[in-house]
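Down below is the structure, laid out as structure tokens.
The values are calculated or read from the model by the stated rules, or taken from the named source; none is laboratory data. None of these values were measured; they are calculated from a predicted model. Neighbour counts are summed over all protein chains in view; Cβ atoms, including those assigned to glycine, are modelled from backbone coordinates with ideal geometry. Surface areas here come from the heavy atoms of the whole protein model, side chains and all, with no ligands, DNA or RNA. Shrake-Rupley method; radii C 1.70, N 1.55, O 1.52, S 1.80 Å.
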Amino acid sequence: MGNLYETIKEEEIMYKDILLPERFPALYIDKYDEVYCYYGIIDNNRFVLRSYPYYLKEAKPSEAKKYLRGYFRIKNGIILNDKKFINEENSFYEKEKYKKIPSYMQLPSTNNNPYGIYCSKYENIEKELSRKVFGLSYNELSELIYHYNEIFQIVPKTYHNKYPSITRSVNNDNYCDITQMWIPANFPYIAFAESGYYYSHISLYGFYEHVKFITQNYIDSTISKKLINSGLNPEVLESLFEIELDTLEGTPIDYYRYQELSDFDNN
């Protein structure tokens, strides 16, 4: 039994009894501490993020699938496309138990850029839940970006320079300049320059992979030591090194997958 699962004192629900949530985003957790953060749906003719049609509210996943082509799930800062809701249609999992986490997701806003998962009942695990969903918490990523730029001086430090920074696009979807991963409007990303310039849209996961590459995914590498010596908490790197791309249950949405999913006439 996982530590997070035991900490969350909510009713256990057998998978066969799970209903779609009353709203998205919605978080569930299994006994192995795997967190499922659902962000929206793909119905037969559109993408619906942070919401879905009223007629699917609290429906059984097995009943809703005739209206849907999949779900959007977030893990480690990556938007995944799941064709099923948790472990739908697998009889082996019907008696598996889950808990729904009472929480809300904060995304960057106009004058306030923090992101995270917040639970008034379980404030002590907010940081861990944020890591499960976004890879690193907002404070951890902010600290990493600061010390990264201290070492490499990618962007000159001036009083008026706001880059590099964690931000979001209000109206437009974008794609990561490193991985081509989809960055929906309002979803956090890292900007090293104004929109339209190189490296103005770096996905969270794209930045994690970049840092893992230059540090050799090793706490005692030369770059890791430089980051730590500049003041970075080693725990941030240790957490970063644990972030992996999970393709077992869902498909990461990059530019090509996005185009495929949005071709509604051929689906």
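Can you work out the accessible area per residue across the chain, with the rest of the protein chains kept in place, probe 1.4 Å, in square angstrom? Present the calculation step by step, with values, prior to reporting the outcome.
Numbers: 13890 Å² over 267 residues.
Each residue of the chain exposes 52 Å² on average to a 1.4 Å probe.
Below 20 Å, Cα to Cα, which aspartates and glutamates can Lys65 reach? Residues fewer than 8 away in the same chain don't count.
Asp17, Glu22, Asp43, Asp82, Glu88, Glu89, Glu94, Glu249, Glu260, Asp263, Asp265
Is the range 1-129 rounded, prolate or oblate when judged by the Cα gyration tensor, a ≥ b ≥ c being the square roots of its eigenvalues, rounded requiring a/c under 1.5 and prolate requiring a/b larger than b/c? It would help to have the intermediate numbers written out before the result.
Details: a/c = 1.92, a/b = 1.09, b/c = 1.76.
Judged from the Cα gyration tensor, the range 1-129 comes out oblate (a/c at least 1.5, b/c at or above a/b).
Please find the FRET efficiency linking Ser262 to Asn229, where r is the Cβ-Cβ separation and R0 is fixed at 45 Å, and quote it to the nearest 0.05.
Values: r = 46 Å, r/R0 = 1.02.
For Ser262 and Asn229, the calculated efficiency is 0.45.
Could you check the spin-label model distance between Ser221 and Glu150? Points 7 Å from the Cα along Cα→Cβ, value in nm.
1.9
I'd like the carbon and sulfur percentage of the solvent accessible area for the chain, probe radius 1.4 Å, heavy atoms only, ligands and nucleic acids excluded.
Values: 6290 of 13890 Å².
Answer for the chain: carbon and sulfur cover 45 percent of the accessible area.
Take the residue pairs Lys162/Lys226; Lys66/Lys95; Lys75/Lys225; Lys95/Lys121; Lys121/Lys212 and return only those whose Cα atoms are more than 31 Å apart.
On the way: Lys162/Lys226 23 Å; Lys66/Lys95 23 Å; Lys75/Lys225 28 Å; Lys95/Lys121 27 Å; Lys121/Lys212 34 Å.
Pairs exceeding the cut-off: Lys121/Lys212.
Hey, what angle do you get for helix 204-214 against the long axis of the chain, alpha-carbon based, 0 to 90 degrees rounded to 10?
50
If r is the Cβ-Cβ distance from Lys84 to Cys119 and R0 is 25 Å, what FRET efficiency results, to the nearest 0.05? Write out the running numbers ahead of the final one.
Details: r = 26 Å, r/R0 = 1.03.
Efficiency, rounded to the nearest 0.05: 0.45.
For the chain, take every pair of Cα atoms, bin their distances at 10 Å starting from 0, and report each bin as a whole percent.
6, 28, 34, 22, 8, 1
When the chain is fully extended, how far beyond the present Cα-Cα distance does Tyr198 get from Gln180, taking 0.36 nm per residue of separation? Intermediate values should be presented prior to the final figure.
Working: separation 18, 0.36 × 18 = 6.48 nm, distance 1.32 nm.
Length gained between Tyr198 and Gln180: 5.2 nm.
Once you place label points 7 Å from the Cα toward the Cβ at Tyr54 and Ile214, how far apart are they in nm?
According to this spin-label approximation, the distance is 5.1 nm.
Show me 230-243, 64-77, 44-57 ranked by packing, highest mean number of other Cβ atoms within 10 Å first. Write out the running numbers ahead of the final one.
Working: 230-243: 16.2, 64-77: 20.2, 44-57: 13.4.
Ranked from most to least packed, the peptides come out as 64-77, 230-243, 44-57.
Test of the criteria: in the range 126-208, which GluC sites (Glu not before Pro) are in a DSSP loop and have at most 10 other Cβ atoms within 10 angstrom of their Cβ? Numbers along the way, then the final one.
Values: sites: Glu126, Glu128, Glu140, Glu143, Glu150, Glu194; in loops: Glu194.
Passing sites in the range 126-208 are Glu194.
Taking Cα atoms, how many degrees apart are the long axis of helix 138-152 and the longest axis of the chain, rounded to 10 and kept between 0 and 90?
Orientation of helix 138-152: about 30 degrees from the principal axis.
When we measure straight from the Cα of Lys127, which aspartates and glutamates land under 16 angstrom away, once same-chain ones fewer than 8 places off are left out?
Excluding near neighbours in sequence, the set is Asp33, Glu34, Glu140, Glu143, Glu235, Glu238, Glu242.
Roughly how far apart, in whole Å, are the Cα centres of the range 1-78 and the range 215-253?
Each part's Cα centre sits 28 Å from the other's.
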